[in-house]
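Structure, as structure tokens:
The values are calculated or read from the model by the stated rules, or taken from the named source; none is laboratory data. A quick note: this is a predicted structure, and the numbers were derived from the prediction, not measured. So basically every Cβ, Gly included, is an ideal-geometry build from the backbone, and we count neighbours across all protein chains shown.
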Amino acid sequence: MQCLSYNLFLQSVNSDNIAVIILNVKHGDLLQIDQPPTALEENQKALWLKLGLEPRPFDNVHYFLPRAKNEQPNSFIIPNNYKVYAYSLDDSVNKLDLLFSGIPDPTETIDSLVGEIMNGYGTSNYSQVRDWRSLLDGPPLSTNGRSQAVGDIRASSVGKFRRHLRRIVITKTTGIFTNQRSRNESHLAAELNSIQGGHTYVVDIAKLNDNEQSFVFGDIVKTIYEMFAETDETLDLPEKVIIFVDELNKYAPSGSKDSPLIEQILDISERGRSLGVILVSAQQFMSSVHSRVTGNSATKVLGRSSSAEVMMPDYRFLDQDLKMSLTRLSKGELLLQHAIFRQPVKVIFPKPAYRQD
């Protein structure tokens, strides 16, 4: 529905100054949005036409597929006009904190060591560090296979950090982390630095593990937010960038403690609109998302929900009758809530006009 609503939106405004980034998180659902559907029923075409819009797929679509261990695209579907992306240490060191967003760090020793590495990389202390392997197995973190103290951080804490990092980028990686990118592999942040209005960028993360998905999403959010927040006049940025992500509760769950990734998401949700960066998310339960994210949502579109869900505090903007009506909505019916409406409005969407098989 997110992708469909954007396609409707594109045809109703001047889209030349608007760019969109879509994360494909389920199979190949969004890897053919530039292709027409195999069939679209006449009644669905009529809905598009009734809106004054043309039932057609997306234009100017760029696909980014993750690298697999065999250096091939790691994707359920290989679309047209794609590039393979991967992460070397050089690409990742300034966002190394995002790699550890899901790892408990009650004493903040991992966070301290990450800060040491991010600040020290490229200095004489890290002169022998060239890639993931040399960071893990060479000085200053290790000598002859034994972890070493770094500044005020004990050797045992450095060993814990090395075990986590080795698991993430070496032993458990799907292939997205590499010691050196080939000429045919893209640096995703660098690609997004040249983002253009009127273009759609689909980043596939469907076959990545949870750590990798969180890292890629965090990389996208951080890259785009920093581009707009720094207001570098040399950059020819679109007026707005819209980021679509499914299952936001995976990255900013309700009740979770702050992490580098959650901080990035909160920055976007609380200050992004004033900069021209808009986050659109979808999830099964609104109550499963961080309350500061849902609290800053200007527009909410609600589908049929259970009675237990609608009694959660996140739905307090609805009166009791509307809460009960949510539990009785038919398939395809939604309630749209926005400040311009005194009451939520019931809406339906036509089927997407792009290929979905």
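All of (1) more than 30 Å from L31 (Cβ to Cβ); (2) of a type in the set (S, T, Y); (3) surrounded by 11 or more Cβ atoms within 10 Å (Cβ to Cβ) hold for S307 with one exception: (3).
In the set D258, D267, only one residue is in a loop (DSSP other than H, G, I, E, B), within 27 Å of E212 (Cα to Cα) and of a type outside the set (A, V, I, L, M, F, W, C); that residue is D258. Residues of the stretch 264-301 being more than 17 Å from the chain's Cα centre (by Cα) and buried (at least 21 other Cβ atoms within 10 Å of the Cβ), which ones? Scanning the stretch 264-301 gives a single hit, M286.
Considering each residue of the stretch 288-323, count those that are polar (S, T, N, Q), under 16 Å from S269 (Cβ atoms) and out of contact with any His (no Cβ under 7 Å at 6 or more places or on another chain), and give that number. Outline the logic, then answer.
Looking only at the stretch 288-323, we keep the residues that are polar (S, T, N, Q), and these are 288, 291, 294, 296-297, 299, 305-307, 320.
If we keep only those that are under 16 Å from S269 (Cβ atoms) as well, we get 288, 291, 294, 296-297, 299.
With the extra rule that they be out of contact with any His (no Cβ under 7 Å at 6 or more places or on another chain), the set shrinks to 288, 291, 294, 296-297.
Here the count works out to 5.
Out of I224, I176, one residue alone is touching a residue at least 40 places away in the same chain (Cβ under 8 Å) and in contact with a Pro (Cβ under 8 Å, 6 or more places away or on another chain). It is I176.
Being of a type in the set (A, V, I, L, M, F, W, C) and either touching a strand residue (DSSP E or B) at 6+ places or on another chain (Cβ under 7 Å) or not assigned by TED's automatic domain parsing to the domain that holds E116 (or both) is the filter here; which residues of the stretch 138-163 pass it? Result: L141, A155, V158.
Residues that are buried (at least 16 other Cβ atoms within 10 Å of the Cβ) and assigned to a loop (DSSP other than H, G, I, E, B) within the stretch 313-326 comprise just one, L318. The residues listed here are A252, A229; of these, the one that is small (G, A, S) and either free of Cβ contacts under 8 Å to residues at least 12 places away in the same chain or within 18 Å of S274 (Cβ to Cβ) (or both) is A229.
Taking the options I205, I220, name whichever one is hydrophobic (A, V, I, L, M, F, W, C), under 19 Å from D90 (Cα atoms) and assigned by TED's automatic domain parsing to the domain that holds P79. Explain how you work it out, then say what you get.
Working: I205 fails: under 19 Å from D90 (Cα atoms).
One residue alone meets the criteria, I220.
Would you point out which residue out of L329, L261 is surrounded by fewer than 17 Cβ atoms within 10 Å (Cβ to Cβ) and of a type in the set (A, V, I, L, M, F, W, C)? Lay out the reasoning, then the answer.
Working: L261 fails: surrounded by fewer than 17 Cβ atoms within 10 Å (Cβ to Cβ).
Answer to the selection: L329.
Among the conditions (1) more than 24 Å from F58 (Cβ to Cβ); (2) out of contact with any Ser or Thr (no Cβ under 7 Å at 6 or more places or on another chain); (3) in contact (Cβ under 8 Å) with a residue 40 or more places away in the chain; (4) polar (S, T, N, Q), S259 misses just one, which is (2).
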